[in-house]
Amino acid sequence: MASAFVGGPAFAKVVVSGAGPAGLLAARSILDHRPDVEVEVFEKRGDPRSEQISGFRAYSLGLNIRGRSALQHWPGLWERVAAKGVLSDKFFLHLGGFQLQLRANREGGVPTLLIGRNDLCAALLEDLQERHGSRLSLHFGEALKEVDLTSRRCLTSAGTAVRYDDLLGADGVNSAVRRAMAAAGFRSDAVDLPGQFKVWVGPCPSNLDPLAVHAMSSKGLTLFSIPRVDGRLCTILSWNDSPPSFLEDDDEAIAQHLQQDFPSFGAPALESVAQLRQQRPSKATTVRANRYHDLEGRALLLGDAAHSTGGTLGQGANSALTDAVVLDKLLQATTPEKSVVQDVGEEFSKLRQPEGLALWKLLQLPPKGLWALPYTAAQFAAGLLSRAVPMVASQPVQSLLSETTTPYTEIVSSSKFWLDKALVDAPGASSGEFESG
Ligand SMILES: Cc1cc2nc3c(=O)[nH]c(=O)nc-3n(C[C@H](O)[C@H](O)[C@H](O)COP(=O)(O)OP(=O)(O)OC[C@H]3O[C@@H](n4cnc5c(N)ncnc54)[C@H](O)[C@@H]3O)c2cc1C
């Protein structure tokens, strides 16, 4: 592909907005397949390699078989990422003073990789720099502020004007690229889910298994703790209504309050409480779009920028990495003729948009009201049956999501009965406006 600039640089320029898992892996993919391209990545926040300790981005997540298969698409990448996390399926639910083990590590199973989001990004970044340092420039702490798809120019938060030949919007739920994609026929929405959360990283209490996920609830609050490779726990404190008033207290009072509400966890270290206090609460957002590319503006959306279920299904990073694999396969199979988006954008939307929308539909489960209990009972029975007669019985939805690579669209088809009940209550579900277009 020739450079789009008359008298400009020899390389065509791909700008990537967002250095999360989707953006970093997509950058690698483009640099792998397009030797005549240079990539410029803009990331609103700091370098993940130096932002390890506190703040919202310190949260940990689980990469299941989908994320693992995606990373294994690139030789050696899974091993590199896995070295920064903990492999475990162990899950304990704490009820009062009791703990109930809901999941154990299965013999012959594919354990989940529990990893800090920043650690995942750090591994992808190291790999990217090692491979493509010479055609890559990284701008941390610099966001894309304005995006003009007509002139193919962006303005960054540092006031720099940047021209691009292709633009990848991998900039998460509040994507600046998605906001700019207002072309005829493009539709998207971003809806906040109820509730808020804060995150802290701290020592694992001595009475908790340091290699397991722990969940506990009390008085409208939930603690969800995930082990880290450094032996500490990443804990997410969430609530559904207004923020708990004790979070306004001093650090010792907050620690005491948490100890009373969560005796299994005990009092968090004061250094952990300080992280809580200094943080603004975050919220989860769902994103839908009816297509992921804009041919005229040469823009492509990936990951949360295109489809988000707000972290609740445990699929966001897994599906973001899968987006990058699909992009990679398309680039590999296509003879470069025009720009990246012109060559593969349409096919990318065709392959990924139905999957993104299917994920949003699955988020609407379980159905509410009268159907909630029968659904739970049916899922429980499916769990038992699929273990007893795996060749005959279908697995429950959560297992299909986290233990298989069954396309989300197939899970939607096989869950049609329950989804019909659940989608009745979901705003905008029946209009079909997000079916691909
Ligand atoms: C608490 C929590 C738990 C989760 N647990 C799981 C889990 O267990 N499993 C799972 O698969 N997923 C999980 N997720 C979801 C997962 O983190 C996301 O789906 C995943 O990170 C998406 O990757 P991404 O690269 O598309 O977007 P992001 O990771 O959101 O990265 C986007 C990046 O773009 C940057 N950015 C934003 N705007 C701009 C701009 N204008 N210019 C430049 N940069 C910009 C942001 O700073 C960010 O770094 C969880 C999410 C949360 C919040």
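Under the 0.36 nm per residue contour assumption, what length would be gained going from the current alpha-carbon distance of D250 and A158 to full extension? Could the numbers behind the result be given before it?
Numbers: separation 92, 0.36 × 92 = 33.12 nm, distance 3.65 nm.
29.5 nm is the gain from fully extending D250 to A158.
Net length available on complete extension from A388 to L423 is 9.5 nm, with 0.36 nm assigned per residue and the Cα-Cα distance removed. Pairs spanning more than 24 Å between alpha-carbon atoms, out of K13/K329; K13/K44; K84/K329; K145/K283; K44/K198; K90/K283: K84/K329; K90/K283. Distance between the pseudo-spin-label points of T312 and A182 (7 Å out from Cα toward the beta carbon): 2.9 nm. Fully extending the segment from A377 to Q398, taken as 0.36 nm per residue of separation minus the present Cα-Cα distance, adds 6.2 nm. The charge dipole of the chain, taken about its Cα centre with unit charges on the Cβ atoms of Lys, Arg (+1), Asp and Glu (-1) only, comes to about 480 debye.
Sequentially through segment 208-214, phi angles give Karplus couplings (6.51, -1.76, 1.60; θ = phi - 60°) of 9, 5, x, 10, 10, 8, 10 Hz, Gly and Pro residues having no value and appearing as x. A crude spin-label estimate for the pair K350 and E337, with each label 7 Å from Cα along the Cβ direction, gives 1.3 nm. Using a simple spin-label model with pseudo-atoms 7 Å out from Cα toward Cβ, D241 and T406 lie 3.8 nm apart.
What is the calculated FRET efficiency for R106 to N174, with r their C-beta to C-beta distance and R₀ = 51 Å, to the nearest 0.05? Mind showing how you got there, number by number?
Numbers: r = 38 Å, r/R0 = 0.74.
Taking R0 as 51 Å, the efficiency between R106 and N174 is 0.85.
Note on the chain: helix-only mean residue ellipticity at 222 nm, from DSSP H runs of 4+ residues weighted -39500 (n - 2.57) and normalised by residue number, equals -10500 deg cm²/dmol. Please state the shape class of segment 366-423: rounded when a/c is under 1.5, otherwise prolate if a/b exceeds b/c and oblate if not, all from the C-alpha gyration tensor. Oblate, since a/c reaches 1.5 and b/c is not below a/b.
No lab work stands behind these numbers, since they all come straight from the coordinates. It should be emphasised that the depicted structure is a prediction, and the values quoted were computed from it without experimental measurement. Note that each Cβ is placed from the backbone with ideal geometry, even for glycine, and that neighbours are counted across all protein chains shown.
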